[in-house]
1. Among the residues of region 137-183, what is the count of those that are without any contact (Cβ under 8 Å) to a residue 40 or more places away in the chain, surrounded by 15 or more Cβ atoms within 10 Å (Cβ to Cβ) and of a type in the set (D, E, K, R)?
2. Which of (1) out of contact with any strand residue (DSSP E or B) (no Cβ under 8 Å at 6 or more places or on another chain); (2) over 17 Å from residue 324 (Cα atoms) is the odd one out, the single condition residue 398 does not satisfy?
3. Of all residues in region 186-208, which are near ligand 2 (Cβ under 10 Å from one of its atoms), buried (at least 21 other Cβ atoms within 10 Å of the Cβ) and in a loop (DSSP other than H, G, I, E, B)?
4. When you look at residue 46, is it farther than 20 Å from residue 12 by Cα, in the same structural domain as residue 105 (by TED's automatic domain parsing) and either away from ligand 3 (no atom under 12 Å from the Cβ) or surrounded by 19 or more Cβ atoms within 10 Å (Cβ to Cβ) (or both), yes or no?
5. Restricting attention to region 162-170, does a residue exist that is more than 16 Å from ligand 3 (Cβ to nearest atom) and of a type in the set (S, T, N, Q)?
6. Being within 19 Å of residue 361 (Cα to Cα) and either loosely packed, with under 12 Cβ neighbours inside 10 Å or among the hydrophobic types (A, V, I, L, M, F, W, C) (or both) is the filter here, so list the residues in region 246-281 that pass it.
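The values are calculated or read from the model by the stated rules, or taken from the named source; none is laboratory data. Treat the numbers as computed from the prediction; the structure is a model and nothing was measured. We place every Cβ from the backbone using ideal geometry, glycine too, and count neighbours over all the protein chains shown.
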Amino acid sequence: MKIQVNNTNISELKIGSLIEVTIQKFDPSIDSKPYFKTFSVPYTKEMRILETIDYIVEELGESIAYQWFCGVKKCGMCGILVNGHPKLGCWEPVESKMILQPLPHFKVIRDLVIDRAEYTKNLMAIEPEICRNNEYSGFPESLTNLQMNDAAKMMHCIECMICISVCPAVSKDFVGPAPLVQLARFALDPRDTGFRAKLAKKAGIQHCVGCYQCSSVCPTEIPIYQTAIEGLRDIIRKEETIRPVSLRDTLFSNFHLIAKWGYNFSSLSNWMTNNIIIKFLLEKFLKVDRRRQLPKYCAESFESWFKKRDMFQVDGPEVILFHDTFMNYIDPEIGKATTEILELLGYNVKLVEKRKCCGRPMLSAGKISQAKITAKFNVEILAQYAKRNIPIIVVEPSCLLTIREEYSKLLSGNEVKIVSSNVFSLEEFITKIVEKDKLSKLLKFTKTKRKILLHGHCHQKALIGMNPTIEFLSLPNNYEVNEIPSSCCGMAGSNGFECEHFERSIEAAEEVIFPMVREARSEVEIVATGISCRQQIEYGTDRKALHPAQIFRDAII
Ligand code: SF4
Ligand code: SF4
Ligand code: FES
């Protein structure tokens, strides 16, 4: 269902000016499908979303089912979707045009009211009470604030269901983030002696793809992925009950090796990945959905293109380009565009040929020790540059955030910190590090007008935000960037390739991204920062999405 709303800024709303509120209505006892009804509501000072529904019910006499209780962000009853984004209705300010819908992923009881029965069932299954084998030592127990720190963070959960509504991995096999937050509340309590690893696996924690969406939307700012999910995963590792790794996980986690072979025999591998019998076999034995288009390997890798330019040296400050597996073997044009942009700005671009894959696919498959070895190897190499303040540019958001965020969880020491603070996305580097003077002196942009529809990668949205990318793409004066108000594209790394997640992956994309891309006119450029997002867009809409570096390079004259 398309959610695209052009809104005036809240500060531009005048007391008494009319707000357009469209509400999704649905009564399963009489309606065959949901429908929308639009109302005009006069703006009042500091008006919250919930007040517009109150007005429609009380002043306009419309019957609408909606829920709230505390009115002050404490009870979690008022979660709704506002213009495609989940919000607490009692807390968030109004927008001049709003489409209000029930939170997705839940059965609708009526209009905006969701059925929480599934959550309650899942909550009971995680045994939400402290289990103690040790005798109660009496009050006060010898516990420090620090020991209770992580468990205490979980106590801020108001059970609003907002995190579940954005989770791309929720399925019949995975209860989603909110029940895991409750489980972590007990599991991270040092007094608890319950077998939490078993319960976490039963809840399907292995299906979490680490997209950080839950953490970025939680209204009480619980670090859901970082503390609850990673904390539970630590307990699983300690109890040595890590999930058995399937052949598919092993292959996905070693994609860097597959890609290298795939590239070396690209004619054969590109034929194979398109062959219907091979696809059938992959589906039968590895559960890789045959409807997915597997990646196509390029004819000349980025590394070999780059080597041919060895004679070409810009006499300027050095930057390291971390050429990820996808850039090297699948989409070298992104690497070429990045190199050319940096060189036009006078940088001497260098590659680290011996670097390994960042390790993200290993982390997603739960192969932590393999990821640790990879991280250690990369940190040792990258630290040599970071210590000399040479910036390291990473263009694929999940690789960037693995190096910046995940490495420091896997390794300790100073080197990892230095590397982490010295890696940048191209967009961050250009908009935050390169001096503005240099940009305007060295780059001349086309005068052509261009409209860009931008989809952000989950990891990027949760941990960096989209501002650097929007600012970067807006540097050419006549470029107009519109961000798709989407959450996850549904791919969540390799998740969307897996038979058991394929349908859900498409459903997630059909919520916002696919309809908006399909409706975009052909002259509108579709841009996505992540490779899996670009694959998903191409699969579902037949439109090719580009990386921001390609658009930017193309704008330079
Ligand atoms: S963890 Fe946050 S988003 Fe999820 S239910 Fe609790 S308060 Fe809501
Ligand atoms: S990190 Fe992503 S996949 Fe994992 S629980 Fe949160 S939203 Fe779901
Ligand atoms: S009504 Fe309680 S959180 Fe909104």
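1. 0
2. Condition (2) is where residue 398 drops out.
3. Hit for region 186-208 is 208, nothing else.
4. no
5. Checked region 162-170: no residue is more than 16 Å from ligand 3 (Cβ to nearest atom) and of a type in the set (S, T, N, Q).
6. Result: 247, 251, 252, 255, 257, 258, 259, 261.
Conditions tested, residue by residue: (1) within 16 Å of ligand 1 (Cβ to nearest atom); (2) of a type in the set (Lys, Arg).
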position	(1), (2)
431	no, no
443	no, no
447	no, yes
456	no, no
461	yes, yes
470	no, no
476	no, no
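Yes or no, residue by residue, for (1) modelled with pLDDT of 95 or more; (2) more than 10 Å from ligand 1 (Cβ to nearest atom):
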site: 179; (1), (2): yes, no
site: 182; (1), (2): yes, no
site: 193; (1), (2): no, yes
site: 202; (1), (2): no, yes
site: 209; (1), (2): no, yes
site: 212; (1), (2): no, yes
site: 217; (1), (2): no, no
